[in-house]
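A.B. asks: Shown below is the structure under consideration.
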Amino acid sequence: MATQKRTVDVALSTTGLDAEGRPQRVPLVTATDGSAVAVEAPPGIEPDLDGEHMLINIGPQHPATHGVLRLVLELDGETVVRCIPHVGYLHCGFEKIGEYRQYNQIIPWTDREDYLNSIGNNCAFALGAERLFGIDVTPRCTVLRVMAMELSRIISHLVWLGTTCIDIGAFTPFLWAFQERENVYNLLEGWVGARLTTSATRVGGMAADIPDGWLDGLRNFVRTFPKTIDEIDRMLTKNGIWVGRTVGLGVMSPEEAVNYGLSGPMVRASGVAYDVRKDFPYLDYETYDFDVPVGTNGDVYDRYLVRMEELRQSVRILAQAADRLPDGPVNVDDPRVILPPKSKATSEMESMIHHFKLVMEGPRPPLGEAYVAIESPKGEKGYYMVSDGTSKPVRWRIRPPSFVNLSAISKMVEGHLLSDVIAINASIDIVMGEIDR
Amino acid sequence: MTGPFQIEYAGSADTSAQVPATPRNVPNRGGPVNPSATDLRAKFAAAIRRVDVVWNETNVYVAPEAALDIIRWLHDDPSQRYDYLADITAVEYRDLEQPVEVVWHLRSLPYRRFLRVKAQLTKNRPLEIPSVWSIYKSADWLERECYDMFGIKFVGHPDLRRILMWEQYREGFPLRKDFPLRGRFSRAEQLRQALAANPEARYSMEELSIADAFEDLPTDMRQRLRGGERTGE
């Protein structure tokens, strides 16, 4: 691997300012003449000193592996020669269980796979099931789901940011990120009553409409949250330690990134402008005004920059969604999937029959299959469902973005130092619940 | 391999200049066919069994032995450029007479197309299909998972072993329809096997699959590993 030279304007944001009010420049690597400030990627594999390689096992109970990931590393000195990931410690057979459940009964399972994006998974599953039923949701429900998805993107990116800071050695941004995450969870709690396992959607609509005054809380969050992003940005983006620990690590070229099936911020940091929201849109995302941040170096630092910018773009989308939220029903008017109101179910014969059939048998989609993908915080999350006309899917497949992203870790860490494995692993943003399912 | 890279835009080869939009009122059957399916019919007439459009997504049923050539052509041909393998999975139907289907979800990022390629494997023969690992590196884990869950052998995969279940798992392939939801063995038998399992085996050199580095190790280390010593804890 060739050494990479990339100059980053390095400054520490916490110390004093210079005479012109700019943050003081703290060189990481100073040239002999004291002028150039350059951060170099670690050198490639060092010459074999005595040929003895060491095997080291990280995980599955190591906090820096973000769950129960186990990495077996073959080391030459401190340089990784080979990395063998082992997954599956959290395998619960979600896809098998889904074949024994009605469509609405699967929604609680979608909370528990990528548990940082639970409400986003709910929406994605409902979109897939609605495609199988041939249903278009109501305009109000569409906007509500966009809000839900962007809120959960913010949650997921904040958790990523906080835990990655911890991995790399910064503690303070973790607290700031989790403080804001708490605010988002308070919003979700006010809406659906749950924080982590939301189960907020139903096939054809949502479990609940937003309560009165909820939009004010959202607007308040949209107003205050960018300040926190700016604070974290000031703390990290030009921080010498942060830059030194992230620049030039785990580089994936655009061709490699696409060939390895990377998605989400991983592929965009490598310079491939692929975002499911723009290229294969759903929920009217094409009508929102937002940008897709793209990196050009494909390293850990660019993945950080891309995620930071996505936080800001999510806030933009949230502001637009709050402004355009139309009045009207949340659930579609379709007795095949939506329960009649309780008052009618106990007073009208036809509603009672619908209620009985829906509860006892469940909604039955026609023969068919659908693959519906969304842009989850981790990448392209797809649900592939096959129906044989009964009320339970023949096959419910989760296309897990973390799983495919993680499969490239061997390629990314080879030739880097042991301590950089932690940073590269953190940059993938894995959730083991989604990988093992 | 170093940056900065040129930015590649999805949809760069799409000349229709239409902004993609959220699909609405999608019909169950029929609708516009993905142009790649028509091209495939012209190119591989004999190997294309059926083309249909379900909920706006084009399914191409191909002969299993021709799947690799077809997917390679879809990947390489400049008029197709299916450069992104979204998913590999399999479907077994509740009607056990029906063949098992292997499903590839392909995306062409430059043309913004989505194509589902399917190959049907009859059950009276071994479930084998060519691996597409040589075309897409993302197939590595996806094929391993498909093998792990369905027992489909991807011929040509460099390292086809279980991924989610453990190496010594003997109950079969969990997502097959003849596999009961609670597993084949009773809870008592599962517990007995778990307690009887040799934890040392989890750390053997074979399992770590670093056999070619094995010869470079010092003699005493090799002997210790052959004797079953744990290499990591």
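A.B. asks: Counting residues that are touching a residue at least 60 places away in the same chain (Cβ under 8 Å) and more than 15 Å from residue B:152 (Cα to Cα), which strands (runs of 3 or more DSSP E) fully inside region B:21-138 reach at least 2?
C.D. replies: B:113-121
A.B. asks: Which one of the conditions (1) under 22 Å from residue B:57 (Cβ atoms); (2) under 12 Å from the mean Cα position of the chain (by Cα); (3) assigned to a strand (DSSP E or B) does residue B:154 fail to meet, given that it meets all the rest?
C.D. replies: So the condition that residue B:154 fails would be (1).
A.B. asks: Residue pairs, Cβ under 7 Å, 6 or more apart or interchain, first in region A:356-373 and under 28 Å from residue A:282 (Cβ atoms), second surrounded by fewer than 19 Cβ atoms within 10 Å (Cβ to Cβ) and among the hydroxyl-bearing types (Ser, Thr, Tyr). List them.
C.D. replies: Pairs that qualify, where the first residue is under 28 Å from residue A:282 (Cβ atoms) and the partner is surrounded by fewer than 19 Cβ atoms within 10 Å (Cβ to Cβ) and among the hydroxyl-bearing types (Ser, Thr, Tyr), are A:362/A:391; A:363/A:391; A:364/A:390; A:364/A:391.
A.B. asks: Sort out which residues of region B:150-167 are of a type outside the set (Asp, Glu) and in contact with a helix residue (DSSP H, G or I) (Cβ under 7 Å, 6 or more places away or on another chain), and write them in order of number.
C.D. replies: Within region B:150-167, B:152, B:153, B:154, B:157, B:160, B:161, B:162, B:163, B:164, B:165 qualify.
A.B. asks: Continuing with the same structure: As an exercise: evaluate residue A:389 against (1) modelled with pLDDT under 90; (2) under 30 Å from residue A:243 (Cβ atoms); (3) of a type in the set (Gly, Ala, Ser) and give the number of the one condition it does not meet.
C.D. replies: (2)
A.B. asks: I need the full set of residues from region A:375-388 which are part of a loop (DSSP other than H, G, I, E, B) and within 22 Å of the chain's Cα centre (by Cα), in order please.
C.D. replies: Those that are part of a loop (DSSP other than H, G, I, E, B) and within 22 Å of the chain's Cα centre (by Cα): A:377, A:378.
A.B. asks: Let me ask you something else. So residue B:173 fits all but one of (1) more than 14 Å from every other protein chain (Cβ to nearest Cβ); (2) at pLDDT 85 or above; (3) out of contact with any Leu (no Cβ under 9 Å at 6 or more places or on another chain); what number is the exception?
C.D. replies: Of everything listed in (1) more than 14 Å from every other protein chain (Cβ to nearest Cβ); (2) at pLDDT 85 or above; (3) out of contact with any Leu (no Cβ under 9 Å at 6 or more places or on another chain), residue B:173 misses just condition (1).
A.B. asks: Follow-up. In region A:359-374, is there at least one residue being out of contact with any helix residue (DSSP H, G or I) (no Cβ under 8 Å at 6 or more places or on another chain), more than 9 Å from chain B (Cβ to nearest Cβ) and in a helix (DSSP H, G or I)?
C.D. replies: Yes, that holds for at least one residue.
A.B. asks: Please go through region B:131-152 and give me each residue that is over 21 Å from residue A:409 (Cα atoms) and either of a type in the set (Asp, Glu) or surrounded by fewer than 18 Cβ atoms within 10 Å (Cβ to Cβ) (or both), ordered by number.
C.D. replies: B:151
A.B. asks: Checking the condition away from chain B (no Cβ under 14 Å) and either part of a loop (DSSP other than H, G, I, E, B) or among the β-branched types (Val, Ile, Thr) (or both), which residue from A:135, A:97, A:107, A:84 passes?
C.D. replies: Exactly one of A:135, A:97, A:107, A:84 is away from chain B (no Cβ under 14 Å) and either part of a loop (DSSP other than H, G, I, E, B) or among the β-branched types (Val, Ile, Thr) (or both), namely A:107.
A.B. asks: Further question: Could you please find all residues in region A:286-336 being in contact (Cβ under 8 Å) with a residue 40 or more places away in the chain, within 14 Å of chain B (Cβ to nearest Cβ) and touching a strand residue (DSSP E or B) at 6+ places or on another chain (Cβ under 8 Å)?
C.D. replies: Answer for region A:286-336, where residues must be in contact (Cβ under 8 Å) with a residue 40 or more places away in the chain, within 14 Å of chain B (Cβ to nearest Cβ) and touching a strand residue (DSSP E or B) at 6+ places or on another chain (Cβ under 8 Å): A:297, A:332.
A.B. asks: Any residue in region A:400-426 that's among the charged types (D, E, K, R): show its pairings with residues that are crowded, with 22+ Cβ neighbours inside 10 Å at Cβ separation under 8 Å, as long as the two are six or more apart or on different chains.
C.D. replies: From region A:400-426, the pairs are A:411/A:252; A:411/A:260; A:414/A:80; A:420/A:249; A:420/A:250; A:420/A:413.
A.B. asks: For region A:393-431, which positions are charged (D, E, K, R) and facing chain B (nearest Cβ under 9 Å)?
C.D. replies: Hits for region A:393-431 are A:395, A:397, A:399, A:411.
Here's the yes/no breakdown for (1) modelled with pLDDT under 90; (2) in contact with a Pro (Cβ under 9 Å, 6 or more places away or on another chain); (3) within 30 Å of residue B:109 (Cβ to Cβ); (4) charged (D, E, K, R):
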site: A:191; (1), (2), (3), (4): no, yes, no, no
site: A:200; (1), (2), (3), (4): no, no, no, no
site: A:210; (1), (2), (3), (4): no, no, no, no
site: A:227; (1), (2), (3), (4): no, no, no, yes
site: A:234; (1), (2), (3), (4): yes, yes, no, yes
site: A:238; (1), (2), (3), (4): yes, yes, no, yes
site: A:247; (1), (2), (3), (4): yes, no, yes, no
site: A:250; (1), (2), (3), (4): yes, no, yes, no
site: A:255; (1), (2), (3), (4): no, no, yes, yes
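A.B. asks: For residue A:69, which of the numbered conditions (1) of a type outside the set (Phe, Trp, Tyr); (2) touching a Phe, Trp or Tyr at 6+ places or on another chain (Cβ under 6 Å); (3) more than 11 Å from every other protein chain (Cβ to nearest Cβ) fails to hold?
C.D. replies: (2)
A.B. asks: A further question follows. Out of all the residues in region A:171-191, which are within 19 Å of residue A:306 (Cα to Cα) and touching a residue at least 60 places away in the same chain (Cβ under 8 Å)?
C.D. replies: The answer is A:173, and nothing else.
A.B. asks: Here is a check on your reading of the model: is residue B:74 surrounded by fewer than 22 Cβ atoms within 10 Å (Cβ to Cβ) and either touching an Asp or Glu at 6+ places or on another chain (Cβ under 9 Å) or farther than 25 Å from residue B:161 by Cβ (or both)?
C.D. replies: So residue B:74 fails the test.
A.B. asks: Residue by residue through region A:407-421, note down the ones that are surrounded by fewer than 23 Cβ atoms within 10 Å (Cβ to Cβ) and either in a helix (DSSP H, G or I) or not hydrophobic (A, V, I, L, M, F, W, C) (or both).
C.D. replies: Within region A:407-421, A:409, A:410, A:411, A:414, A:415, A:418, A:419 qualify.
Here is a yes/no grid of residues against (1) among the β-branched types (Val, Ile, Thr); (2) on the phi > 0 side of the Ramachandran plot:
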position: A:339; (1), (2): no, no
position: A:343; (1), (2): no, no
position: A:375; (1), (2): no, no
position: A:380; (1), (2): no, no
position: A:383; (1), (2): no, no
position: A:386; (1), (2): yes, no
position: A:389; (1), (2): no, yes
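A.B. asks: Oh, and also: How many of the residues making up region B:102-118 are within 16 Å of residue B:50 (Cα to Cα) and either basic (Lys, Arg) or within 9 Å of chain A (Cβ to nearest Cβ) (or both)?
C.D. replies: Of the residues in region B:102-118, 3 are within 16 Å of residue B:50 (Cα to Cα) and either basic (Lys, Arg) or within 9 Å of chain A (Cβ to nearest Cβ) (or both).
A.B. asks: Could I ask something else about it? Condition first: surrounded by fewer than 21 Cβ atoms within 10 Å (Cβ to Cβ), among the aliphatic types (A, V, I, L, M), touching a Ser or Thr at 6+ places or on another chain (Cβ under 7 Å) and assigned to a loop (DSSP other than H, G, I, E, B). Can you find one or more residues in region A:185-199 that meet it?
C.D. replies: Within region A:185-199, one or more residues are surrounded by fewer than 21 Cβ atoms within 10 Å (Cβ to Cβ), among the aliphatic types (A, V, I, L, M), touching a Ser or Thr at 6+ places or on another chain (Cβ under 7 Å) and assigned to a loop (DSSP other than H, G, I, E, B).
A.B. asks: Any idea which residue in region B:1-59 is farthest from residue A:255 (Cα to Cα), counting only those that are of a type in the set (Ser, Thr, Tyr), more than 10 Å from chain A (Cβ to nearest Cβ) and surrounded by 13 or more Cβ atoms within 10 Å (Cβ to Cβ)?
C.D. replies: If we take residues in region B:1-59 being of a type in the set (Ser, Thr, Tyr), more than 10 Å from chain A (Cβ to nearest Cβ) and surrounded by 13 or more Cβ atoms within 10 Å (Cβ to Cβ), then B:58 is farthest from residue A:255 (Cα to Cα).
A.B. asks: A further question follows. All but one of (1) surrounded by fewer than 18 Cβ atoms within 10 Å (Cβ to Cβ); (2) more than 25 Å from residue B:180 (Cβ to Cβ) hold for residue A:108; state the number of the condition that does not hold.
C.D. replies: The single condition residue A:108 does not satisfy is (2).
A.B. asks: Go through region A:167-193 residue by residue and tally those that are closer than 20 Å to residue A:145 by Cβ and hydrophobic (A, V, I, L, M, F, W, C).
C.D. replies: The total comes to 5.
A.B. asks: Determine, yes or no, whether residue A:429 is charged (D, E, K, R) and over 13 Å from the mean Cα position of the chain (by Cα).
C.D. replies: The answer is no for residue A:429.
A.B. asks: Could I ask something else about it? Within region B:68-95, which residues are at the interface with another protein chain (Cβ under 7 Å from one of its Cβ atoms) and more than 15 Å from residue B:129 (Cα to Cα)?
C.D. replies: Result: B:83, B:84, B:85, B:86, B:87, B:93, B:94.
The values are calculated or read from the model by the stated rules, or taken from the named source; none is laboratory data. Please read these numbers as outputs of a predicted model, since none were measured by experiment. Positions of Cβ are backbone-derived with ideal geometry, glycine not excepted, and every protein chain shown enters the neighbour counts.
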